[in-house]
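Read the figures in this text as sums done on the coordinates, not as results from a lab. Remember, predicted model here, so these are calculated numbers, not experimental data. A quick note on method: Cβ atoms are made from the backbone with ideal geometry, for glycine too, and the neighbour counts reach across all protein chains shown.
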Amino acid sequence: MTSPPTVTVWNEYRHERDSDAVAEVYPNGIHTAVADGLDEQGFETRTATLDDPEHGLTPEVLDETDVLTWWGHRAHDEVRDDVVERVCDRVRDGMGLLVLHSGHYSKPFKRLMGTSCALKWRESGERERVWAVEPGHPIAAGLDESFVVPRAEMYGERFDVPAPDDLVFVSWFEGGEVFRSGCCYTRGKGRIFYFRPGHETYPIYYQEEIRRVLGNAVEWAAPTDGPTPRFERSDPAEDVDVDVE
Ligand code: ZN
């Protein structure tokens, strides 16, 4: 792509409006913190939230979106099924999707994975060490071999997702659990990256390494101009003598 990818940062935006503890960390919403981190890396961003009309994800917005990021937690069920279908269709058509933290249980991610996407969790403010286990992957560019998130919610295996096409990050937690924290998938023409760190009461989306990963992931997930496959009765591509009905 010649111009930087256009990113729509989607957020449920409920915790920040009714919890002082969350508003203290993310006074303008998690979406603003995520968008600021991408803005400063030169991406064109817009934000959309659950309570916007059509959740801010009209066909026009999605058509103009190269990469959509998704943060949701307690209101996954309030996301309209027709909008979920619209998002999934756009992904299969080439739009990138970054699923953040508790977005593991969002309707679009579950639909695109086809599994429960369930996991273990514990909200205890423990230390997380994130290891870049695929150091040559573009999403790991510019990082050290590992970095620390000082206070995190624990997510533990098993994480019930399909085996990722590429596993870029693995997390270790003080309590002993491990977790596949950076998982790459392809669905249709679209690329999907699940990234674990990020929780509404910890300032994780301000952390330099996290912002770097999200910027790298936007670049990686941006649409390519690959061919559009046709699913239809097909004449031979080569000049062969076959009986075709
Ligand atoms: Zn959380």
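See the values below:
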| read-out | value |
| --- | --- |
| Options Thr45, Thr49, Thr69: the member that is of a type in the set (S, T, N, Q), in contact (Cβ under 8 Å) with a residue 60 or more places away in the chain and under 30 Å from Met154 (Cα atoms) | Thr69 |
| The lone exception for Arg211 - which of (1) within 16 Å of the ligand (Cβ to nearest atom); (2) assigned to a helix (DSSP H, G or I); (3) out of contact with any Cys (no Cβ under 6 Å at 6 or more places or on another chain) it fails | (1) |
| Failed criterion for Trp10 (all others in (1) part of a loop (DSSP other than H, G, I, E, B); (2) touching a strand residue (DSSP E or B) at 6+ places or on another chain (Cβ under 6 Å) hold) | (1) |
| So His73, is it within 16 Å of the ligand (Cβ to nearest atom), under 28 Å from Ser146 (Cβ atoms), part of a loop (DSSP other than H, G, I, E, B) and under 16 Å from the mean Cα position of the chain (by Cα) | yes |
| From Pro150, Pro203, Pro162, residue being surrounded by fewer than 23 Cβ atoms within 10 Å (Cβ to Cβ) and away from the ligand (no atom under 16 Å from the Cβ) | Pro162 |
| Residues satisfying the stated conditions in the stretch 15-44, i.e. in contact with a Gly (Cβ under 9 Å, 6 or more places away or on another chain), outside any helix (DSSP H, G or I) and either among the polar types (S, T, N, Q) or more than 26 Å from Ala221 (Cα to Cα) (or both) | Gln41 |
| Close pairs (8 angstrom Cβ cut-off, 6 or more residues apart or separate chains): under 17 Å from Ile192 (Cβ atoms) in the stretch 113-129, basic (Lys, Arg) and surrounded by 13 or more Cβ atoms within 10 Å (Cβ to Cβ) anywhere | Ser116/Lys110; Cys117/Lys110 |
| Residue satisfying condition, being in a strand (DSSP E or B) and charged (D, E, K, R), within set Arg233, Arg151 | Arg151 |
| Pairs where the first residue, in the stretch 78-106, is closer than 15 Å to Lys189 by Cα and the second is surrounded by fewer than 17 Cβ atoms within 10 Å (Cβ to Cβ), C-beta under 6 Å, 6+ apart | Cys88/Arg111; Val91/Arg187; Arg92/Arg187; Arg92/Gly188 |
